[in-house]
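Below: one structure, written as structure tokens.
Every number here is computed from the coordinates shown, using simple stated rules; none is lab data. None of these values were measured; they are calculated from a predicted model. Backbone-built Cβ (ideal geometry, glycine too); neighbour counts: all protein chains shown.
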Amino acid sequence: MTRRQGLAVAIATAIVAVSRWPALSRTFWDWDEAQFILALRHFDVAAHHPHPPGFPLFIGAAKLLQIAGLDSFHALQAVSLAAAVLIVPAMTAFALAAGAEFATALTAGIVLAFFPNVWFYGGTALSDVPSMTAVVIAIALLLRSERLAMYGGAIAAGIAIGIRPQNLVIVAVPFLLAIARHRMRAIGPVLLTASIVVASYGAAIAATGGWAVFAEALRRHREYLSRVDAWTSPNRPPLTHLVDDFFIRPYRAQLINAVTSVLAAVALLRHRRAALMALAAFGPFCLIAWLMLDRFSVSRFAVGYAPLFAMLAAEGLAAMGRRGRYAFAAIYVGLMIVWTWPALQIVHSTVSPPFAAAMWLREHTTGAVCAEPGLTAFAEVLAPEKTLRTGVWSAADGDVLLREGRGVITFSRLHGHLWNLARRRYFEVSISPAVSPFIFGDGWYGMESDRKEVWRWMRSRSRITITAPCRSLSIDFYAPDRTASITMFADGRRLDRLPASSEFPRTYAVQSPRELVIETDRVVQNAGDPRELGLRLNGIECGAGQ
């Protein structure tokens, strides 16, 4: 770049840095943010602190800031903020290295910085923007011809993969091009990247308790994704129905979505080198996201491939000529600022509903907290001294229920454009008295518990009366004899028969059953314990179903 061009990048970076302040959320709001905070207290991938495979370098960077004096939330948020500030120089360098002219490259950086989802998530305690910025820096360096730049790209690639492993897919093509250019001299950078990745995830494995525990956590998480999020899920719409969600309107800002799509189409028709390079790098991850990731969180996951659409948008603007593209780019970015600003003001100035509810629990309750599964992490972070139980199946007098939706005491957040930008969860969180819908009859022993977990043992046959309307039952068992066979009956009709070694918890579609009978053909007796132990019930929940 010339000195004048460098000054333009510096000014744009300073403007973007100032604009990141109103995007800083006042409190954490997302489930994953709570899990990241718990990871800073005690890293354990098996406990989903954080989710597999652990985001080790994101947690590691935040840990350094925590040691320097920031609390857990602000340490994580500071990492995200730093990455958000670097978006313009990183994206400009990537576009230049990919072959774009300077005006197009700088436009791509500014557009990327003000994409509504990139702007919003850059103020959270999530890893999406740090991951994106790191991988853009890696590609920018790998595409340059200098050998020293390749070493820098190798380090950046290792960091990006150490934050999120899917970045390996994004840097694959740039790395292959660098290897083709440098041949044998590329061995060192490749080994450097591999060393960073191995060290990062090796530390995550060690902190989790060893490879066996870590691998089992990965297997369970992979099975969950296949059953719930991925294209293999029976409840996921056909892939053709999700094309617009993942590629056209990841957030519901119709005019912005339409303009971006038109500009991207123009860029693809022009098929300039920079656009094709961005497509080669980020295209495979776009397809993986479409096939594998949660369709309700597309706005967030689309941050990972937002650089592709920023590059395409900038190339589309370039087709309008020198004067036209500057005017239209200003209107385009201005439209994004006007649309996104009200949503940022909500998260910047107000406390999130789960945060407010957990703080209320901390100050006003004396009994146990029965939390819905999606809210347990919030209570763990903000009210660690409380006895915490998952769901209401084990509720006793004086216990309270923390759940999404309205209740006796409800904490809510304005919708506005935020409803179309963030995942539509945790906008309403409430506290009510906890009342169990289950009456444990014949065959059950008494409730047992520690501070967080509750369980009941049954004999070989047990009976549960269900007192609330119920369209789905989620049941979690443990059998001391893994050769046992479990049979369940709902209102006299067999609900399931399965081996004790099956995956739990399991969920069944039901039609408001009144009685559940559970049988096992094996029992054990422990030394010093006169009871016959057939199955241990770890949890049972009644839901609205699909």
* Calculated from backbone phi, Karplus (6.51, -1.76, 1.60) coupling profile of segment 9-18 in Hz, x at Gly/Pro -> 5, 5, 5, 4, 5, 5, 4, 5, 4, 5
* Which distance in Å, rounded to a whole number, links the C-alpha centroids of segment 351-372 and segment 296-336? -> 41 Å
* Using 7 Å Cα-to-Cβ label points, what is the Leu176/Tyr151 separation (nm, one decimal)? -> 2.7 nm
* Asked: Gain in length, Tyr326 to Phe296, computed as 0.36 nm per residue apart minus the alpha-carbon separation, to one decimal in nm?
  -> 7.3 nm
* **segment 151-173 versus segment 421-499: alpha-carbon centroid distance in Å** => 44 Å
* Asked: What net charge is computed for the residues neighbouring Glu315, neighbours being all others with C-beta under 11 Å from the C-beta of Glu315, Lys and Arg scored +1, Asp and Glu -1?
  -> +3
* Asked: Tell me, in nm to one decimal, what length is gained between Arg514 and Arg461 on full extension, where the rule is 0.36 nm per residue of separation less the Cα-Cα distance?
  -> 17.4 nm
* To do: Working from the alpha-carbon coordinates of segment 438-543, get Rg over Rh, Rh being the Kirkwood radius.
  => 0.95
* Structure fact -> The extension gain from Trp21 to Leu7, computed as 0.36 nm times the residue separation minus the Cα-Cα distance, is 2.8 nm
* **Average silhouette area of the chain, convex hull of alpha-carbon atoms, in square nanometres** => 27.6 nm²
* What net charge is computed for the residues neighbouring Gly209, neighbours being all others with C-beta under 14 Å from the C-beta of Gly209, Lys and Arg scored +1, Asp and Glu -1? -> -2
* Which longest run of the chain has no exposed loop site in it, a site being GluC sites (Glu not before Pro) in a DSSP loop with at most 15 other beta carbons within 10 Å, and the site itself not part of the run? -> 147-384
